[in-house]
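*Asks:* Sharing a structure below in structure tokens format, with a few things to ask.
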């Protein structure tokens, strides 16, 4: 089938670690035809949603994960999104109004018969930070507010806390404030824009030293390995984008319990791929925009995460025909 990936510019991919590349390569290996575009290439006209897309051919020795170029792109063409057997939304945050507009356009396409994964309304309705509120039994003490006094009170109660914005990714804007409260006021003012934006505060989880675990859910089922992203040096963030070291490891019993509790529910809502984040036994995020870590798990364990995803994509697309 023809598969369209809506993503960041292909020229920016670091294919040795890029999950979207892993998806594309596996789909191409199976004989599917790959197309790509960016969100700004979508348009609604005459009652249909079109994309200015390019057919993509993967070139070179796939064993060379540092090769450049890694693809050839045909001339742009305008196609109705209904043309594709599947449209995979893989644009990275920030989750701003343009991202929301993209989900609205994709939802219009979906209503005319396009097959979109993850489901646009499900992406839009699941805040990657706030979605944890649906499963409080797995959540460390947490506060979301724009009220500086409440944030100060939360810190006074718990002594050692993490503060972060609701719309960040890759560890952006994450601060730890210890019991001495050093710079608490400045951090709250900055993250909340002096009370204009809500902030998430969470009790610090010491098990971050063992890694911020990414648990992948594909088609409602857990990949049997997580990627523990371990902070390096004096860094509090384990995110790979912040310099964390990725270590693949089997799911713990509690990881499986979290995955089994959330997995089918999220899949039933149209979320084919989800990346749960957990520290110790606590769920910290539910990532639905462009979950990553395929390549690291594949390279370290040999488990074919991309194959599991394309299997699920083929089944889901067939079910919507």
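Where a number appears in this text, it was derived from the coordinates with a stated rule and is not lab data. The structure presented is a predicted model; accordingly, all values stated were derived computationally and were not measured. Cβ sites come from the backbone with ideal geometry, for glycine too, and all protein chains shown count toward neighbours.
*Asks:* Computed from the mean reciprocal separation of all distinct C-alpha pairs, what Kirkwood hydrodynamic radius does the stretch 71-110 have, in Å? List each step's numbers first, then the result.
*Replies:* Numbers: mean 1/r = 0.0825 Å⁻¹.
Over the stretch 71-110, the inverse of the mean reciprocal pair distance is 12.1 Å.
*Asks:* What is the ratio of the Cα radius of gyration of the stretch 49-94 to 2.2 N^0.38 Å, where N is its residue count, to two decimals? Mind showing how you got there, number by number?
*Replies:* On the way: Rg = 13.6 Å, N = 46, 2.2 N^0.38 = 9.4 Å.
Dividing the Cα Rg of the stretch 49-94 by 2.2 N^0.38 Å gives 1.44.
*Asks:* Using the basic label-point model (7 angstrom from Cα toward the beta carbon), what is the residue 193 to residue 321 distance in nanometres?
*Replies:* Here the answer is 4.7 nm between the modelled labels.
*Asks:* Ok, one more. With labels modelled as points extended 7 Å from the Cα through the Cβ direction, what inter-label distance (nm, one decimal) is found for residue 43 paired with residue 16?
*Replies:* Label-label distance for residue 43 and residue 16, simple model: 4.0 nm.
*Asks:* Go through (1) 61, 54, 34; (2) 78, 47, 29; (3) 58, 44, 36 and flag the label whose value is the computed Cα extents along the principal axes in Å for this structure.
*Replies:* Of the listed options (1) 61, 54, 34; (2) 78, 47, 29; (3) 58, 44, 36, (3) comes from this structure.
*Asks:* Could I ask something else about it? Using the scaling law 2.2 N^0.38 Å as the reference, what is the normalised Cα Rg of the stretch 141-204?
*Replies:* Working: Rg = 10.3 Å, N = 64, 2.2 N^0.38 = 10.7 Å.
Normalised by 2.2 N^0.38 Å, the Cα Rg of the stretch 141-204 equals 0.96.
*Asks:* Does the stretch 1-46 classify as rounded, prolate or oblate by the C-alpha gyration tensor (a ≥ b ≥ c root eigenvalues; a/c under 1.5 gives rounded; else a/b over b/c gives prolate, otherwise oblate)? The partial results should precede the final answer.
*Replies:* Working: a/c = 3.74, a/b = 1.35, b/c = 2.76.
Oblate shape, in that a/c is at least 1.5 and b/c is the bigger or equal ratio.
*Asks:* Okay, which of the stretch 251-270 sit inside 17 Å, backbone N to the point 7 Å along the Cα-Cβ direction of residue 207?
*Replies:* 251-262
*Asks:* So what is the relative contact order of the chain, in percent, for Cα pairs below 8 Å that sit 6 or more residues apart? The partial results should precede the final answer.
*Replies:* Details: 636 pairs, mean separation 57.0, N = 321.
Dividing the mean separation by the residue count of the chain yields 18 percent.
*Asks:* Here's another thing I want to ask about it. At 0.36 nm per residue, minus the direct Cα-Cα distance, what do residue 68 and residue 300 gain on full extension? Give it in nm, one decimal, please. The partial results should precede the final answer.
*Replies:* Numbers: separation 232, 0.36 × 232 = 83.52 nm, distance 2.33 nm.
Answer, rounded to one decimal: 81.2 nm.
*Asks:* State the volume of the convex hull built on the alpha-carbon positions of the stretch 30-186, expressed per residue in Å³ and rounded to an integer.
*Replies:* Value for the stretch 30-186: 197 Å³ per residue.
*Asks:* Full-extension gain between residue 8 and residue 130, please, as 0.36 nm times their residue separation minus the C-alpha to C-alpha distance. Could you put the intermediate results ahead of the total?
*Replies:* Values: separation 122, 0.36 × 122 = 43.92 nm, distance 2.47 nm.
Fully extending the segment from residue 8 to residue 130 adds 41.4 nm.
*Asks:* If I take R0 = 35 Å and measure r between the Cβ atoms of residue 61 and residue 100 in this structure, what FRET efficiency does the formula 1/(1 + (r/R0)^6) give, to the nearest 0.05? Please list the in-between numbers first.
*Replies:* On the way: r = 40 Å, r/R0 = 1.14.
Once the sixth-power term is evaluated, E becomes 0.30.
*Asks:* Can you tell me the 0 to 90 degree angle between the C-alpha axis of helix 19-29 and the longest principal axis of the chain, rounded to 10?
*Replies:* Helix 19-29 sits at roughly 20 degrees to that axis.
*Asks:* Which angle from 0 to 90°, rounded to the nearest 10, does the C-alpha axis of helix 305-319 make with the longest principal axis of the chain?
*Replies:* 60 degrees
*Asks:* I would also like to ask the following. Given the DSSP H assignment, sum -39500 (n - 2.57) over each helix run of at least 4 residues in the chain and divide by its residue total; what's the result at 222 nm in deg cm²/dmol, nearest 500? All intermediate terms of the calculation are to be shown ahead of the outcome.
*Replies:* On the way: 8 runs with 91 residues, N = 321.
Per the formula, -8500 deg cm²/dmol.
*Asks:* If you wrap a convex hull around the alpha carbons of the stretch 207-316, what volume per residue comes out, as a whole number of Å³?
*Replies:* Details: hull volume 9.8 nm³, N = 110.
In the stretch 207-316, the Cα hull volume divided by residue count equals 89 Å³.
*Asks:* Need the C-alpha centroid separation for the stretch 13-79 versus the stretch 179-234, integer Å.
*Replies:* Taking the Cα centre of the stretch 179-234 as reference, the centre of the stretch 13-79 is 32 Å away.
*Asks:* Specify the angular offset, from 0 to 90 degrees and rounded to the nearest 10, of the alpha carbon long axis of helix 148-158 from the longest principal axis of the alpha carbons in the chain.
*Replies:* 70 degrees
*Asks:* Applying 1/(1 + (r/R0)^6) with R0 = 45 Å to the Cβ-Cβ distance of residue 83 and residue 268, what FRET efficiency is obtained, to the nearest 0.05?
*Replies:* Efficiency, from the Cβ-Cβ distance: 0.95.
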